[in-house]
Amino acid sequence: MSANSADQASLLDVVLVKGSRTKIRYAAELLQDDGTRIAVRAPWSGDGVRDFGFVRFEPGDVFTEYYWRDRWYAVKEVRDAAGALKGWYCDVTRPATLSGTELIVEDLDLDLWRSADGTDVRRLDEDEFAESGLAETDPEAAAAAVAALDELEAFATVEGGLESLLV
């Protein structure tokens, strides 16, 4: 399905699953689906402000999110209410699936942040990933997740790297 034309604009529910439960569900505007990559846009859906220390997600922020059916990650471009780029938040996930109007994404705990100016690239939640037990229960998925984080970090440390995934 392609959502390039205005008459095909629609809403999806993004369903982020962690373990066997839904972590968060939110409505997003479908921007594009080329059969491999799905792009959506959504406002910050959290309650109030979430301050990570290195970035704050807050009401008014807009996330343009890119999911792949054949890659083990999602890349989320984060802008403030005025449109200024804050950076990219990347989730390591199993490949996304689209079922009707639900975009289902399984979070594998590993994340990566890259600031807008590229000076802050950080791997996140490696301790949560280790504690998840995925390496024992599904070693192939764990290896794919670690490889995905390494790939994201490589893109994030090269000027224009993450952006090249989004065009």
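Just want the answer: with Cβ charges of +1 for Lys and Arg and -1 for Asp and Glu, which residue in Ala74, Trp44, Phe63 is farthest toward the dipole's positive end in the stretch 44-84?
Checking the options against the dipole of the stretch 44-84, the answer is Ala74.
Suppose accessible area is computed on protein heavy atoms with a 1.4 Å probe; arrange Trp88, Trp72 from highest to lowest.
Sorted by accessible area, descending: Trp72, Trp88.
Calculate, for the chain, the solvent-accessible area per residue in square angstrom, rolling a 1.4 angstrom probe over the heavy atoms of the protein chains.
Computed with neighbouring chains in place, this is 50 Å² per residue.
If you stretched the chain out fully between Ala81 and Arg122, how much longer would it get, using 0.36 nm times the residue separation minus the C-alpha to C-alpha distance?
So the chain would gain 12.4 nm between Ala81 and Arg122.
Tell me which of Leu98, Ala116, Ala141 sits at the most positive position along the dipole axis of the chain, charges placed on C-beta atoms (Lys, Arg +1; Asp, Glu -1).
Farthest towards the positive pole: Leu98.
How big is the charge dipole of the chain about its Cα centre, in debye rounded to the nearest 20, if each Lys and Arg gets +1 on its Cβ and each Asp and Glu gets -1 on its Cβ?
Dipole magnitude for the chain comes out near 400 debye.
When all protein chains stay in place, what accessible area (Å², nearest 10, 1.4 Å probe) is found for Ile104?
60 Å²
Tally Lys/Arg at +1 and Asp/Glu at -1 over every other residue whose Cβ is under 15 Å from the Cβ of Thr157; what's the total?
-4
Taking 0.36 nm per residue of sequence separation and subtracting the Cα-Cα distance, how much length would be gained by fully extending the chain between Ser99 and Asp138, in nm to one decimal?
So the extension gain works out to 11.6 nm.
Round to the nearest 0.05 the FRET efficiency obtained for Phe52 and Asp13 when R0 = 30 Å and r is the Cβ-Cβ distance.
FRET efficiency, Phe52 to Asp13: 0.75.
Give me the percent of accessible area attributable to carbon and sulfur for the chain, probe 1.4 angstrom.
49 percent
For the stretch 20-65, state which chymotrypsin sites (Phe, Trp or Tyr not before Pro) are in a DSSP loop and have at most 14 other beta carbons lying within 10 Å of their beta carbon.
Counting only loop positions with at most 14 other Cβ atoms within 10 Å, the chymotrypsin sites (Phe, Trp or Tyr not before Pro) in the stretch 20-65 are Phe52, Phe54.
Could you give the nm distance between label points at Val167 and Ile24, where each point is 7 Å from its Cα heading toward the beta carbon?
2.9 nm
The values are calculated or read from the model by the stated rules, or taken from the named source; none is laboratory data. Because the structure is predicted, anything quoted here is derived from the model rather than measured. Note that each Cβ is placed from the backbone with ideal geometry, even for glycine, and that neighbours are counted across all protein chains shown. SASA here: full protein model, heavy atoms, side chains in, ligands and nucleic acids out. Shrake-Rupley method; radii C 1.70, N 1.55, O 1.52, S 1.80 Å.
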